[in-house]
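Undergrad: My questions all concern the structure below.
The values are calculated or read from the model by the stated rules, or taken from the named source; none is laboratory data. Predicted model only: the values in this text are computed from it and were never measured. Note that we place each Cβ from the backbone using ideal geometry, even for glycine, and neighbour counts take in every protein chain shown.
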Amino acid sequence: MKELIQQLCAISSPSGYENNIREAIKKEVTPFADSAEVDALGNLIVRKGKKGKDGMRILLSAHMDELGIIVTHVEKTGFVRFGSIGFVYPHYLPASRVLFLNGVRGVINHDTLEDRTKMPTIDQFFIDVGASSPANCPVKIGDLAVFDRPFLDMGDRIASKALDNRVSCAVLIQALQQVKQSPNELVFLFSVQEEVGVRGAITAAYSIDPDLGIAVDVTGVGDTPSAKQMEVSLGKGTAIKIRDSGMLCDPRIVRWMRETAEKAKIPHQMEILRGGTTDAYAIQSNRSGVPTGAISIPCRYIHSPSEVADIHDLENSVQLLVELISGPVKLK
Amino acid sequence: MIELSAFLKELLSLPGLSGYEDPVRDVIADKWRPLVDELSLSKLGSLHGLRRAAAPGSHPSILLAAHMDAIGLMVTGIADGWIKVTQVGGLDMRILPGQMVTVLGQRDLPGILQMIPDRLKDKSKAGNPPKITDLFVDVGLAAREVTRSVKIGDLVSFAQLPLEMTGGTLAGHSLDNRASVAALTLCLEELRPFNLAWDVWAVATIQEEETLLGARTSSFDLHPDIAVAVDVTFAKGPGSNDHHTFPLGKGPTIGVGSNMHPALTTRFKKTADEMDLPYAMETMPKYSGTDAMAMQVTAEGIPCAVISIPLRYMHTPVEMVALKDIQRTARLLARFITQLEPDSMEIIFAESRV
Amino acid sequence: MSPKINPNSGMLTIGPAQIALLERLSNAVAVSGNEDEVRAIVLESVKPQADDIRVDAMGNVLVTCHSKAAHPLRVMLDAHMDEVGFMLVEDEGEGIYAFEVLGGVDERQLPGKAIWVGKDHLPGVIGAKPVHLAEGSEMHSAIPLKSLRIDIGPANGGKVSPGDYGTFATKFQKSGPSLFGKALDDRLGVATLIELVKHHPDNIELLVAFTVQEELGLRGAKVAAVALHPDLAFAIDSTPAFDFPRPDEKENTQYNCRLDGGPAIYIADAGTLSDPRLIRFLTQTAEKYAIPYHFRQPGGGGTNAGVIHKALGGIPSVSISVPGRYAHTAVLMARLADWQNTLRLVYTALQDITPEVLIPDRN
């Protein structure tokens, strides 16, 4: 699991430009799947199994895009101005490093402010790529970059940029590899452009037209110093989502997930997230409606260049997913 | 013969928060069963009641949507018996401290919703309205007992019982939008003796207060030719007196604006005039704030109308409505429907849009 | 008067007829929620060359021009017919009305303006309290929208009612290289699309949507895209040029786009990450035909592409805008040459596009 996550996190694929991560995931899943297609927006749709008696078409979604920054202007002096793709928080930027899709690396810093206690806004930041003018600048308007930070193995815990949502991609990949038999038609969606508004999931859910949906994404925790109250903690197991700020999970699915986890003795916790949503929001409102839930990976410092997660929570998530999709779904 | 006050009081005493509408849905289903030809549920739990047109074959259809979900709270954590909560739907923090609530745990528990006392907070925050994180529910039980009976995700609804007030008015929580559900029900009752030329879908939608999820998915499913959202609007009252507000007891409002098709606005107005029904035109330039926002832009687009019942103190546990406005709304909807003919689509939309 | 087409490059030109059409469109009143006037001009203009015309439930005009090819690429073009404006919400008597604003208008652009109200374009004003009577403290803040009123004079009072629409009373004019008018966002797009219907290429199935309520959240285009279900889409709009010198003399790094640089091609805005295949195709086309263009700065704002690309199973989309100054105010300004180059870029792109453009996976 760690090796897979490390490999996936090392790839640069901001929202809208997911080809690199898509290729990597395709390689991992193809030997275990019946088919793998790419749709109009770049979503990777992987299918496994046929719908048997008592079976459903289950859509499992994990977004493969990460946050990015995009060049808006190269100044006369060669400093690079940028905007964000997805929610990039200014307080994580000073002295960060970035890696452009064309291989160029740079350092982020900001205009010298009169009031040094104030946090600069995105437009007050710039990237120094070592250029002194637009003519010798190796990047131009529209070029994209991602955070540049290597994977860190801390034992039970791991740290990297883009744990959101490469850990969930890894969970889906392993679930796909491990599920042996199922009466269900399983559709594993590695979606695009989630960070900018769950856009890939909206269109993929429409084409796939599932009977039931499960999104896998990271969620916040309440276990860091002076954290906002939240009952989810690292290491307490896979998180079953009840609601977040975008949607309410279908209570029948929440019950099914919880009962399955209890029966299989899989460590789990219940999640309510008060700031953020996932692909589940898009899946639930598709067409005539799709009963939808979500499995979440507890994660610290979300949207920073060094997110932290617990390897056992990830393993529990795989376990629960395999348990859920391997048998007939009985919702009550 | 449905007794409006009794039916409404029954609806208002049931929970049915956004996403968890089953309790109130079951009661609505019981009332609709004798009034429709077919009763069914959407994939997500909205209630669909079909009253078929009389003649065999296919017919144009009209969908009437009234959301059945209510706002409230959800348990996010329990610490030493103190229950922390978050919102379901939009709540005004300023009206919450001191409310009696019911925690829907293993069993229904009465509780007091209160805020952390000023003396335990930063002095500079004294006198300020609470944030959601300052609120908690005290159910008065030992911590062990609370942990046994209540879990994360349990719902908390207002405990305020409905009050019959003078002048034919009723106060309580969830009149937004159970008043409209009642209007829809009375409309179905009024339609009973008629042979209809159009199919009528009465839909009690889920989750309007959160994401308009029911309206979005049910209108996709049923793809009607016309959709009407029945909801509540602001009634004139203390502190609310401008052009956004309408008198209590002087009839429903008919919406004018971008979310409503002008031909339907005109036709509803004409119908109300013919009936000598008191009503008001309500300008809603940008948003109607109703299920119609979702229905208008579903699939290839659905022409919409919005009919609203004036309501005081919206989104508080003491919302107030005039019973005769509910009855008038029902009659307006019924008359509109009985006047629909097989060729009404061509006639209604003839002048506009081409 | 027929448009001039340069016989050497087969490109369309903006001549007196096109400018006259833009003038009609700019002077028409079509505020979000009531686009009747512009819809009428569009219908009249496209009827001769369109193979199929439909007005849908929201008032969008959906035009189809068939292809001669066997399995043609379905290409959608979108331009919105609506403009920002006002709705009267309360009759206070003697011709004075309270109003609300439709679309994003900076309230500082409102006081002291002449406007047109209602179907008959009755002249009115949005006045302001005389400065002589203003208290010192009032001068430090914008005049609040709540205190503004539309005044159409006592004799006309009652001739319009709450629910009626109004907009700035700006008459279109051309001056040298520049065009002045209200609602150039997006009448420039509408005029462009009409021209493309008139000269539609037959290698593709051309699906043209003249949409409503863009200014209220891209509402019309959402349903138009479902009805037309194209293979790909181009949204044609107008985007603000903030290419002014900064008062502190620092470099202007937030100009959004520039006048005189040709059409602005979108890479990313708040609603859409343009399909890179289409961006590449457009820039290659522009270079092939020596059409000037530049990139709109990635950032906020958006076009109807924001809802089109998310429709159905996903529709690869890109936006192209005519740069304009002073968007969402009483008078916008654009350059004739920028409009001409926008028309040329879209026209040549439509002529040259083939299904091959979508064969590689996105990116």
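Undergrad: Name, by its number, the condition in (1) under 17 Å from B:G77 (Cβ atoms); (2) more than 21 Å from the chain's Cα centre (by Cα); (3) buried (at least 23 other Cβ atoms within 10 Å of the Cβ) that does not hold for A:G289.
TA: In the conditions (1) under 17 Å from B:G77 (Cβ atoms); (2) more than 21 Å from the chain's Cα centre (by Cα); (3) buried (at least 23 other Cβ atoms within 10 Å of the Cβ), A:G289 misses (1) alone.
Undergrad: Looking only at residues that are under 21 Å from B:F336 (Cβ atoms) and within 13 Å of chain C (Cβ to nearest Cβ) in the range B:269-292, which one is surrounded by the most Cβ atoms within 10 Å (Cβ to Cβ)?
TA: The selected residue is B:A292.
Undergrad: Restricting attention to the range A:30-53, which residues are within 14 Å of chain C (Cβ to nearest Cβ) and either touching an Asp or Glu at 6+ places or on another chain (Cβ under 9 Å) or not hydrophobic (A, V, I, L, M, F, W, C) (or both)?
TA: Matches in the range A:30-53: A:E37, A:V38, A:D39, A:A40, A:L41, A:G42, A:N43, A:L44, A:I45.
Undergrad: Hey, another quick one. Please work out which one of (1) in a helix (DSSP H, G or I); (2) closer than 22 Å to B:K151 by Cβ is the condition A:Q319 fails and give its number.
TA: Condition not satisfied by A:Q319: (2).
Undergrad: If you take the residues of the range C:249-274 that are without any contact (Cβ under 8 Å) to a residue 24 or more places away in the chain and within 12 Å of another protein chain (Cβ to nearest Cβ), which of them is surrounded by the fewest Cβ atoms within 10 Å (Cβ to Cβ)?
TA: Looking at the filtered set, the residue picked out is C:K250.
Undergrad: Out of the range B:265-289, which residues are free of Cβ contacts under 8 Å to residues at least 12 places away in the same chain and in a loop (DSSP other than H, G, I, E, B)?
TA: Once the filter is applied, which keeps residues that are free of Cβ contacts under 8 Å to residues at least 12 places away in the same chain and in a loop (DSSP other than H, G, I, E, B), the range B:265-289 yields only B:D276.
Undergrad: With B:L340, B:L311 as the choices, which residue is within 30 Å of A:R287 (Cβ to Cβ), of a type in the set (A, V, I, L, M) and either touching a residue at least 24 places away in the same chain (Cβ under 8 Å) or not assigned by TED's automatic domain parsing to the domain that holds B:D242 (or both)?
TA: B:L340
Undergrad: Same structure, new question: Just checking, which of B:K236, B:K250 is within 14 Å of another protein chain (Cβ to nearest Cβ) and touching a residue at least 60 places away in the same chain (Cβ under 8 Å)?
TA: B:K236
Undergrad: Continuing with the same structure: Can you go through B:A299, B:A305 and tell me which one is touching a residue at least 24 places away in the same chain (Cβ under 8 Å), of a type in the set (G, A, S) and in a loop (DSSP other than H, G, I, E, B)?
TA: Of B:A299, B:A305, the one residue that is touching a residue at least 24 places away in the same chain (Cβ under 8 Å), of a type in the set (G, A, S) and in a loop (DSSP other than H, G, I, E, B) is B:A299.
Undergrad: Based on what the data block shows, is B:L264 surrounded by fewer than 21 Cβ atoms within 10 Å (Cβ to Cβ), more than 18 Å from the chain's Cα centre (by Cα) and either among the aliphatic types (A, V, I, L, M) or within 14 Å of another protein chain (Cβ to nearest Cβ) (or both)?
TA: Here the answer is no, as B:L264 does not meet what is asked.
Undergrad: I need the full set of residues from the range B:293-313 which are away from chain C (no Cβ under 11 Å) and either more than 16 Å from B:I62 (Cα to Cα) or modelled with pLDDT under 95 (or both), in order please.
TA: B:S308, B:I309, B:P310, B:L311, B:R312, B:Y313 - these are the residues of the range B:293-313 that are away from chain C (no Cβ under 11 Å) and either more than 16 Å from B:I62 (Cα to Cα) or modelled with pLDDT under 95 (or both).
Undergrad: Considering only residues of the range C:275-314 that are closer than 19 Å to C:I353 by Cα and aromatic (F, W, Y), which is nearest to the other protein chains (Cβ to nearest Cβ)?
TA: Of everything passing the filter in the range C:275-314, C:Y293 is nearest to the other protein chains (Cβ to nearest Cβ).
Undergrad: Considering each of A:K236, A:K265 in turn, give the residue that is more than 24 Å from B:M74 (Cβ to Cβ), assigned by TED's automatic domain parsing to the domain that holds A:L60 and among the basic types (K, R).
TA: That would be A:K265, the only listed residue that is more than 24 Å from B:M74 (Cβ to Cβ), assigned by TED's automatic domain parsing to the domain that holds A:L60 and among the basic types (K, R).
Undergrad: List, please: which pairs have Cβ atoms under 9 Å, are six or more places apart or on different chains, and start with a residue in the range C:135-149 that is over 22 Å from B:D242 (Cβ atoms) and end with one that is part of a helix (DSSP H, G or I) and among the aliphatic types (A, V, I, L, M)?
TA: C:M139/C:V131
Undergrad: Is there any pair linking a residue in the range B:206-233 that is over 19 Å from B:R25 (Cα atoms) and facing chain A (nearest Cβ under 10 Å) to one that is at pLDDT below 95 and surrounded by fewer than 24 Cβ atoms within 10 Å (Cβ to Cβ), with Cβ under 7 Å and at least six apart or on different chains, and which?
TA: Close Cβ pairs satisfying both conditions: none exist.
Undergrad: Please give the number of the condition B:I309 fails out of (1) farther than 19 Å from B:E189 by Cβ; (2) in contact with a Pro (Cβ under 6 Å, 6 or more places away or on another chain); (3) not polar (S, T, N, Q).
TA: (1)
Undergrad: Looking at C:G93, C:G103, which is the one that is at positive phi, crowded, with 18+ Cβ neighbours inside 10 Å and within 14 Å of another protein chain (Cβ to nearest Cβ)?
TA: C:G103
Undergrad: Are there strands (runs of 3 or more DSSP E) fully within the range B:129-175 with at least 1 residues that are touching a Pro at 6+ places or on another chain (Cβ under 6 Å)? List them.
TA: Where strands (runs of 3 or more DSSP E) fall fully within the range B:129-175 and carry at least 1 residues being touching a Pro at 6+ places or on another chain (Cβ under 6 Å), they are B:155-158, B:169-172.
Undergrad: State all residues of the range B:235-264 that are over 13 Å from B:D325 (Cα atoms) and part of a strand (DSSP E or B); if no residue qualifies, say none.
TA: B:G237, B:S240, B:G255, B:V256
Undergrad: Follow-up question, since we're still on this one. Regarding the range A:149-163, can at least one residue be identified that is more than 14 Å from every other protein chain (Cβ to nearest Cβ), within 24 Å of C:S274 (Cβ to Cβ) and surrounded by 24 or more Cβ atoms within 10 Å (Cβ to Cβ)?
TA: The answer is yes, given that some residue of the range A:149-163 is more than 14 Å from every other protein chain (Cβ to nearest Cβ), within 24 Å of C:S274 (Cβ to Cβ) and surrounded by 24 or more Cβ atoms within 10 Å (Cβ to Cβ).
Undergrad: In addition: Output the residues belonging to the range C:330-363 that are within 14 Å of chain A (Cβ to nearest Cβ) and β-branched (V, I, T).
TA: C:V357, C:I359
Undergrad: Shifting gears a bit: For the range A:23-52, which positions are touching a residue at least 40 places away in the same chain (Cβ under 8 Å) and assigned to a strand (DSSP E or B)?
TA: Answer for the range A:23-52, where residues must be touching a residue at least 40 places away in the same chain (Cβ under 8 Å) and assigned to a strand (DSSP E or B): A:L44, A:I45, A:V46, A:R47, A:K48.
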